[in-house]
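So the structure is just underneath, and the comments pick up after that.
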Amino acid sequence: MNEKAELKAPKLKGNKIKKLPSIPDEFDLALLSHYHSTKDIVYRDAIELLEKYAHLTDKVTVDDLYKKIQLTITHSNSVPFPNPVKGDPKFTFIDLFAGIGGFRMALQNLGGKCLFTSEWDKYSKQTYFANYGDYPFGDITSPEVKAHIPEKFDILCGGFPCQPFSLAGVSKKNSLGRLHGFQDEKQGNLFFHIEDILRTHRPKAFFLENVKNLVSHDKGNTFKIIKQTLLDLDYSFDPKVIDGAAFVPQHRERTFMVGFDKKVFGKDVKFDFGTIKYPEKKQTARNILQAEVSTKYTLTDHLWKYLNEYAKKHREKGNGFGFGLVNLDGVTRTISARYHKDGAEILIPQEEGKNPRRLTPQEAAALQGYPIWPINTKSKTKSLKIPVSDTQAYRQFGNSVVMPLIQAVGEQVVNLLQLKK
């Protein structure tokens, strides 16, 4: 793109400026931030935003406008994990169903550059923007959003929505008489938008994540459809269920799917999950705990009594339901998006006579492998920002991926990708 095209801010006509908003809407912010981050020609309409938002800055470039708006929204012009700016990246990728950026952080750590990101939840967008500097585009089913995916990129990645395929999601939908899997019109069909993007843009590889139950849902039919759909596109398809407990102190099994374009890598291309490098050090819950924690995270007497009575009732029925009091020298149960309600699945024991407590949001982030100063990183400037409420933070971390595991799998994806550079 010709940078000189934005050297002069267009003149405003009449007094329209009085009717203009104080900050861009979500789409304009996504357009503006992606232009700032990538300078890709697909985001060239960002130049027109100079006129629309000229009243917000006395400078004359799109980047100046971006920095002004970024400062207004986040109160900072620095982000911990920006796109690489110097030299050519090792590879490029797009981040779909991005959440708070677990795939993005992992792949950036491997030398990749993110060219496009999409996420529908407004609170996750806030966290993403604060940490990476890009404001995600919204609904990936929207033709307008899809039109802003760059023509060429190397890897499509993302953890497409879990609920239609998870045990909990299926159980809930059955009880409500609702459809699930690919019969769920709103969520299940999102997979076919991945198919559409793969067909249209032909990236060299895809890297997907979903819940463990994906492989068995609907007696395996859902997984068969996913596999056959991707094979029909002439991509390879290699899946594996992996527990994140080797990388973080949390039992979290997820299905990973990796594939490569056979037209580029040959019909016999195969991804070997056996090449993944696992940490030698044992992961323990003790290592992600903060030294000082506010008393607001300690369970009230009322809630602690309720959880004990609830657990007792289900034990008497022979069920396994109940709270999870953590062995600090072991790993926790799987943190879920409902953790904000009572913290029952992961409770931290405290000194005798004191009720257990929830994880703090910072501990929940570290449990998923995100860098949090001073828990697991020595750098204050490379520590994940949490700009949202505790409730939203717990939801985001409960829905997130185990970032170091994504990076370990991603490293081997990139190694194979580099063979065709």
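The values are calculated or read from the model by the stated rules, or taken from the named source; none is laboratory data. The shown structure was predicted, so the numbers you read here are calculated from the model rather than taken from an experiment. Don't worry about glycine lacking a Cβ; one is built from the backbone with ideal geometry, like all the others, and counts go over all protein chains shown.
Within the stretch 299-316, being within 24 Å of residue 251 (Cβ to Cβ) and either modelled with pLDDT of 85 or more or exposed (fewer than 11 other Cβ atoms within 10 Å of the Cβ) (or both) holds for 299, 303, 304, 307, 308, 310, 311, 312. Among the conditions (1) modelled with pLDDT under 90; (2) surrounded by fewer than 18 Cβ atoms within 10 Å (Cβ to Cβ); (3) small (Gly, Ala, Ser), residue 181 misses just one, which is (2).
The helices (runs of 4 or more DSSP H) located wholly in the stretch 38-138 that include 3 or more residues which are farther than 21 Å from residue 398 by Cα, of a type in the set (D, E, K, R) and not assigned by TED's automatic domain parsing to the domain that holds residue 208 occupy 62-74.
Taking (1) more than 23 Å from residue 408 (Cβ to Cβ); (2) in contact with a Gly (Cβ under 8 Å, 6 or more places away or on another chain); (3) of a type in the set (Gly, Ala, Ser) in turn, residue 106 satisfies each apart from (1). Picking from residues in the stretch 231-254 that are of a type outside the set (Gly, Ala, Ser) and crowded, with 21+ Cβ neighbours inside 10 Å, the one that is farthest from the chain's Cα centre (by Cα) is 235.
Looking at this structure, is residue 334 out of contact with any Phe, Trp or Tyr (no Cβ under 9 Å at 6 or more places or on another chain), surrounded by 15 or more Cβ atoms within 10 Å (Cβ to Cβ) and not assigned by TED's automatic domain parsing to the domain that holds residue 407? Answer is yes for this residue. Only a single item in (1) touching a residue at least 40 places away in the same chain (Cβ under 8 Å); (2) touching a Gly at 6+ places or on another chain (Cβ under 9 Å); (3) part of a helix (DSSP H, G or I) is not met by residue 311, and it is number (1). The helices (runs of 4 or more DSSP H) falling completely within the stretch 324-420 that include 2 or more residues that are over 30 Å from residue 310 (Cα atoms) map to 403-417. Yes or no: residue 144 assigned to a helix (DSSP H, G or I) and either within 30 Å of residue 382 (Cα to Cα) or at pLDDT 60 or above (or both)? Yes; evaluated as a whole, the condition is true for this residue.
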